[in-house]
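Trainee: Mind looking over this structure? Questions follow.
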Amino acid sequence: MALTVFKLNGRFLDVADALATPVGLTAAHWQVLGAALEAPLSVAGIAREMGITRQSVQRIADLLADKGMVEYRPNPAHRRAKLVAPTQQGVDAVRRIDPAHAAFADRLCGALGDDRATEVLSALRDLSAALDALEAEDAA
């Protein structure tokens, strides 16, 4: 399972880079921006949400801030851990990716069939939940 997931991760990152490059982003930039689109999140929150290290999120968030695509806001829950929030420029960049992303997702679901795509998503969520449960057991 792990080797297959690693391979899929690489393939999805390649697809994400191809989708993000035309708007001047990388897959990693899109990932960080996308995590904070719904609501501003701390760097640690983005790292947890995306399953990547806090240090890599911090580096990418700083690069995005330098480009004017995110801004740091005060965090009422933690004085030192600022919230990362996309600027209008960052939101616009992600929105420019949306049509190509939707077209790719439609092609992928078409190749799998809608029912099978739903099953695959369910299985991946189950796998993620099982890993979370094992991690919680190990922490306890």
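The values are calculated or read from the model by the stated rules, or taken from the named source; none is laboratory data. Small disclaimer: the values here were computed from a predicted structure and weren't measured. Backbone-built Cβ (ideal geometry, glycine too); neighbour counts: all protein chains shown. Only protein heavy atoms, including side chains, enter the accessible area calculation; ligands, DNA and RNA are left aside. Shrake-Rupley method; radii C 1.70, N 1.55, O 1.52, S 1.80 Å.
Trainee: So which residues in the stretch 63-88 are exposed (fewer than 14 other Cβ atoms within 10 Å of the Cβ) and over 27 Å from Ala136 (Cα atoms)?
Mentor: Residues satisfying the conditions are Asp66, Gly68, Arg73, Pro74, Pro76, Arg79, Gln88.
Trainee: Identify, from the list Arg11, Arg59, the residue that is more than 24 Å from Arg125 (Cβ to Cβ), part of a helix (DSSP H, G or I) and of a type in the set (Lys, Arg).
Mentor: Working: Arg11 fails: more than 24 Å from Arg125 (Cβ to Cβ).
Unique residue meeting the criteria: Arg59.
Trainee: Which residue pairs have Cβ atoms closer than 7 Å, lie 6 or more positions apart in sequence or on different chains, and pair a first residue in the stretch 99-112 that is open to solvent by 60 Å² or more (accessible area, probe 1.4 Å) with a second residue that is at pLDDT below 95 and aromatic (Phe, Trp, Tyr)?
Mentor: Sorted first by the residue in the stretch 99-112, then by its partner, the list stays empty.
Trainee: Does Asp17 count as part of a helix (DSSP H, G or I), of a type in the set (D, E, K, R), surrounded by fewer than 16 Cβ atoms within 10 Å (Cβ to Cβ) and more than 14 Å from the chain's Cα centre (by Cα)?
Mentor: Against the criterion (part of a helix (DSSP H, G or I), of a type in the set (D, E, K, R), surrounded by fewer than 16 Cβ atoms within 10 Å (Cβ to Cβ) and more than 14 Å from the chain's Cα centre (by Cα)), Asp17 does not qualify.
Trainee: Taking only the stretch 28-47 into account, find how many residues are in a helix (DSSP H, G or I), more than 26 Å from Ala18 (Cβ to Cβ) and open to solvent by 20 Å² or more (accessible area, probe 1.4 Å).
Mentor: 1
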